[in-house]
Structure formats: C-alpha cells, structure tokens
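Read through the structure below, which is laid out as structure tokens, and then see the notes.
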Amino acid sequence: MAGSGGLIGMPSLLLIGLPIHQVIGSVKFSNMFSSFSSFYILLKKKQLKLKDALQ
C-alpha cells in the first residue's frame with residue numbers, strides 16, 4: 001500500500017544489483033499495468049462510461 005510497492009520493491013531490486021534505470025522502468029511498467037487493469041474492470045462493470053473517460 002505504501003507507495004504502490006515501491007517502498008519494498010525498489011530497494012529490493014537495487015540490492016540485487018539492477019541498474020537504477022531498469023528499476024525505475026520496471027516500477028513504471030507495473031504501475032501502468034495496474035492502472036490499465038483497474039480502468040478495464042471499471043469499464044466492464046459499467047461503473048465508468050467510455051465517453052466520460054475519453055473526455
């Protein structure tokens with residue numbers, strides 16, 4: 001919950017030796033995937049209208 005896993009995930013990835021640009025990229029990808037899946041679920045449950053989202 002604290003920072004979308006970045007509080008634990010980023011230091012862990014750095015400790016195993018990944019370069020900082022790969023760590024940041026993996027966190028950005030994870031956040032993008034999470035946001036898209038939440039958006040899709042809201043559309044699927046009809047809690048969000050595509051017309052409103054496109055505005």
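The values are calculated or read from the model by the stated rules, or taken from the named source; none is laboratory data. Everything numeric in this text was worked out from a predicted model, so none of it was measured. Methodologically, a virtual Cβ is constructed for each residue, glycine included, from the backbone with ideal geometry; neighbour enumeration extends over all protein chains shown. Note: accessible area is taken over every heavy atom of the protein model, side chains too, but ligands, DNA and RNA are not part of it. Shrake-Rupley method; radii C 1.70, N 1.55, O 1.52, S 1.80 Å.
Quick check on the chain: helices-only [θ] at 222 nm, where DSSP H runs of length 4 and up contribute -39,500 (n - 2.57) each and the sum goes over total residues. Nearest 500, please. Write down the numbers at each step before the final one.
Details: 3 runs with 40 residues, N = 55.
It comes out at -23000 deg cm²/dmol, rounded to the nearest 500.
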* To do: Using the Karplus curve 6.51 cos²θ - 1.76 cosθ + 1.60 with θ = phi - 60°, work out ³J(HN,Hα) for each residue of region 16-29 in order, rounded to whole Hz, and write x for Gly and Pro.
  => 7, x, 6, x, 4, 5, 6, 5, 5, x, 5, 5, 5, 4
* Asked: Under the Kirkwood approximation for Rh and a Cα-based Rg, what ratio Rg/Rh is obtained for the chain?
  -> 1.17
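Return one whole number: the accessible area per residue of the chain in Å², for a 1.4 Å probe.
Details: 4910 Å² over 55 residues.
Each residue of the chain exposes 89 Å² on average to a 1.4 Å probe.
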* **From phi via Karplus (6.51, -1.76, 1.60), per-residue ³J(HN,Hα) for region 39-51 in Hz, x at Gly/Pro** => 4, 5, 5, 4, 5, 5, 7, 6, 8, 9, 9, 4, 4
* Potential extension, Leu18-Ser37 segment - 0.36 nm per residue separation minus Cα distance -> 4.2 nm
* Asked: Over the chain, what percent of the accessible surface lies on carbon and sulfur atoms, probe 1.4 Å?
  -> 68 percent
* trypsin sites (Lys or Arg not before Pro), restricted to the chain: which are DSSP loop and have at most 16 other Cβ atoms within 10 Å? -> Lys45, Lys46, Lys49
